[in-house]
Amino acid sequence: MPKPFTPKVITANALLEGDVIYQTLTGWSRSLQDAEVLTDEAHADLRMIEAEAQADAVVGVYLADVIMDGDVPTPTHFREDFRATGPSNYAHGKQELRKQEHI
Amino acid sequence: MYHYTDFDDAFLKSRNAQFRAQVERRIDGSLTEDEFKPLRLMNGLYLQLHAYMLRVAIPYGTLNSSQMEKLAYIADKWDKGYGHFTTRQNIQYNWPELRDVPDMLDALAEVNMHAIQTSGNTIRNVTADHFAGAAADEVADPRPVAELIRQWSTDHPEFQFLPRKFKVAVSGASADRAVIKAHDIGLQIVRQGDDIGYRVIIGGGLGRTPMIGKVLYDFVSGEDLLPTLEAIVSVYNLLGRRDNKYKARIKITVHENGIEDIRARVDARYNLIRDQFTGVDQQMLARIEADFVRPTFLKGDEAPYHSAYQHDPLFRSWADTNLSDHRNPDYAIVSISLKAHGKTPGDATSRQMRLMAQLAKRYGHDELRISHEQNVILPHVHKGDLPSVYYALKAEGLGTANIGLISDIIACPGMDYCALATARSIPIAQEIATRFDELKLEHDVGPLKIKISGCINACGHHHVGHIGILGLDRAGVENYQITLGGDGTEDAAIGERAGPGFSATEIIPAVERLVLAYLDLRTEPSETFLQTYRRLGLAPFKAALYPETQAANAA
Ligand code: HEM
Ligand code: SF4
């Protein structure tokens, strides 16, 4: 029996900054909260193809599992948690004050 | 130190211009990531978890003050004001932006530095004893031959696509401070009668299948060294496995074929190619050696040293742990700890880099070294200048007296930065150091090397830590496995696995139990952790690590 499809987001690194980004309904965001949550496998496949087509802006596109905390997607694995937050030894990366940008 | 020739300069310039064009073509979309990735890796540029990372080679760990100042400048201008010194005697910048990297490489080239061959299946940055040229126990300075090997291997047409990366380390002393037995080739300069030559060790390596290197030849003369190395690498190039990346390092080639078989093949290859080496390499070596002449040591007044030693207990403690014997009895080798308790091992801010550069210029004959233990060395400081050096360091958070002690931890970047990691290593190092600082035990515990890697690749050398810690992902939770009894010196040994792993919160108390057990078990304070372990074996340490199982067995 095929495994049921669990909620996912599409994530990658930005080509220019290298920063972790998430695909939204309209583009990409640096914040997991803004990500488009995919609950349907066929739709996810389609969105992956669209994401991978943007090779001049993003690197290493893949699907990451999330669980929903109300409306907000949160990572299921600690690696994705660190990607969404930044390193633990300095308040660098996403922890630095930065207004949300779109690429 | 070694000065670049016009050839080196021109080569670097053209390489950098080439890479600048490649970056532009990646940004404008004419190169795909698949095409660009090998190109950026050849220039030391990785894409990590949160950002790009630029890895800059510091050949045989030697720097002068203007190079260190340039590293500080780059950290401020294009990174976040700091750099991470690694066990491979490199510096890594964790936050460069793609567009800026060509400028960073040009800035490095201004001081004869680069990021070439810090990656890829090539002969990597050659490492050497960080006390080279200064150590009291040295037969000869290993850096000239390390430089010769760098020149021979850089862009070597035959060796750009080896089965896997290839690492060479050179030591000039009987005490091994360069972990030569954990390298693909380890060279030890030895004396035989009046002759100086090389003991050649091959097939060492850490990672997934850790192996201690085996002696291929006990003595190879200077003229025969490059032909021998050429023969070894070409035998490996042909015989090394390309079908499986996990079996591709020379350690597996040696393990699968046996050292005798490899020796026979190397001998045969050597006989075939020996004539191509007409002695030009020896002339090159002579020229390089002239660049490594020892500084003219000064005569000075040692009184300030003795006075500070007598009157300032903090200075005394630092002098006792952070100084090593210099070949000139009026001098000392200063190890500057980049392991302040609770800080990230190996990180230095741009301010700290500038201070170290200034101290090197003022008191250290303009020389600095990076050690594989992620500290910075001032190899030549007159004893009379030691108090000035210490007080200046202390004011910038660089005065920690912990070299070789429990808080002098090697830790790889782990999952805070590295895309390959299975767990974090930096916070574990920070917490262990903080805990033992609170306990005020580390000077009592004495020499003890903890080494932490965030995955099986073993960049943190955990297999050769007296206490090694390996971070793994166990069903979606960080889990830390302990190995004991490893040793990265001339008595190299791979640590033994102690048992099941610990969670991120359990690992610190587990290490504490281990160390307290050692304090109970040692016969006298001078018996080190490693000696106690070698005398008693795993059992009593295991009992300390897993008290519950002991209790269960006893019930
Ligand atoms: C952050 C990016 C890094 C990546 C992607 C990386 C990748 C790897 C890989 C794949 C291996 C295993 C090689 C093998 O067994 O064939 C390895 C080994 C090693 N790396 Fe790294 N590494 C990184 C950072 C570092 C750092 C920061 C250091 C120094 C602190 C380092 C030093 C080493 C050493 C000493 C080894 C083991 C010795 C050996 O080659 O057998 N690496 N690395
Ligand atoms: S040991 Fe693993 S986690 Fe640590 S730097 Fe190497 S590859 Fe990354």
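Computed from the coordinates by the stated procedures, all read-outs in this text should not be read as laboratory data. In this text the structure is predicted, and so the values were computed from the model without any measurement. Here the Cβ positions follow ideal geometry from the backbone for every residue, glycine too, while neighbour counts run over all protein chains shown.
Per residue, chain B reaches -12000 deg cm²/dmol at 222 nm when only DSSP H runs of four or more residues are counted, each adding -39500 (n - 2.57). Sorted ascending by nearby beta carbons within 10 Å, beginning with the fewest, B:H365, B:H156 become B:H156, B:H365. Averaged over the residues of peptide A:84-94, the number of Cβ atoms from other protein chains lying within 10 Å of each residue's Cβ is 6.
Here the Kirkwood formula, the inverse mean of 1/r across different C-alpha pairs, assigns the stretch B:142-291 a hydrodynamic radius of 15.6 Å. Over chain B, the Kirkwood radius and the radius of gyration, each from Cα atoms, give a ratio Rg/Rh of 0.96. Averaging the Cα positions of each part gives two centres, and for the stretch B:27-42 and the stretch B:461-534 these lie 42 Å apart.
Computed over the stretch B:410-554, relative contact order equals 18 percent, with contacts defined as Cα pairs under 8 Å that lie 6+ residues apart. Taking every alpha-carbon pair in chain A and binning the separations at 10 Å intervals from zero gives 15, 48, 31, 6, 0 percent.
In this label model, B:R327 and B:L238 are separated by 3.9 nm, measuring between points 7 Å along each Cα→Cβ vector.
Pairs over the 23 Å Cα-Cα cut-off, from the set B:K70/B:K181; A:K94/B:K77; B:K167/B:K247; B:K165/B:K214; A:K94/B:K165; B:K13/B:K165: B:K70/B:K181; A:K94/B:K165; B:K13/B:K165. Expressed as a fraction of 2.2 N^0.38 Å, the value expected for a compact globular protein of N residues, the C-alpha radius of gyration of the protein assembly as shown is 0.98. Listed by chain and number, the aspartates and glutamates placed with their C-alpha closer than 16 angstrom to that of B:K251 are B:D184, B:D243, B:E260, B:D261; residues fewer than eight positions away on the same chain are left out. Charged neighbours of B:P144, selected by a Cβ distance under 9 Å, balance to -3 (K, R count +1; D, E count -1).
Three principal axis extents of the stretch B:410-554 based on alpha-carbon atoms, in descending order, are 44, 39, 30 Å. Each peptide among B:98-104, B:169-175 gets the average number of other Cβ atoms lying within 10 Å of its residues, and from highest to lowest they stand as B:169-175, B:98-104.
Cross-link reach is defined here as a Cα-Cα straight distance under 22 Å, omitting same-chain residues fewer than 8 places apart; for A:K3 none of the lysines meet it.
Taking each of B:K37/B:K245; B:K299/B:K383; B:K343/B:K451; B:K37/B:K343 in turn, the alpha-carbon distance tops 21 angstrom for B:K37/B:K343. Taking the stretch B:6-110, how much of its Cα-Cα pair set, in percent, is spaced more than 20 angstrom apart? The calculated P(r) of the stretch B:6-110 puts 38 percent of pairs beyond 20 Å.
Under 15 Å from the Cβ of B:Q481, count the other residues' Cβ atoms, weight Lys and Arg +1, Asp and Glu -1, and hand me the total. So the surrounding residues net to +2.
The packing ranking, built from the mean of other Cβ atoms within 10 Å per residue, places the peptides B:77-87, B:402-412 in the order B:402-412, B:77-87, highest first. Annotation for the stretch B:293-329 versus the stretch B:122-149: alpha-carbon center distance of 24 Å. Distance between the pseudo-spin-label points of B:D444 and B:L314 (7 Å out from Cα toward the beta carbon): 2.3 nm. Note that the stretch B:461-521 carries a Kirkwood radius of 12.1 Å, evaluated over its alpha carbons pair by pair. Between A:L46 and A:S88, full extension at 0.36 nm per residue minus the direct alpha carbon distance yields a gain of 11.7 nm. Averaged over the residues of peptide A:77-83, the number of Cβ atoms from other protein chains lying within 10 Å of each residue's Cβ is 5. Electrostatic bookkeeping for B:Y533 treats Lys and Arg as +1 and Asp and Glu as -1; over the other residues with beta carbon under 13 Å from its beta carbon, the sum is +1. Relative contact order, whole percent, for the stretch B:142-291 stands at 21, derived from Cα pairs under 8 Å and 6 or more residues apart. Note that the stretch B:263-410 shows a convex hull volume over its alpha carbon atoms of 168 Å³ per residue. Overall dimensions of the stretch B:15-70, expressed as equivalent-ellipsoid semi-axes from the Cα gyration tensor (√(5λ), whole Å, largest first), are 26, 13, 10. Isolated cysteines of chain B, defined as having no other cysteine beta carbon under 4.7 Å away, are B:C418, B:C455.
Each peptide among B:138-150, A:51-63 gets the average number of other Cβ atoms lying within 10 Å of its residues, and from highest to lowest they stand as B:138-150, A:51-63.
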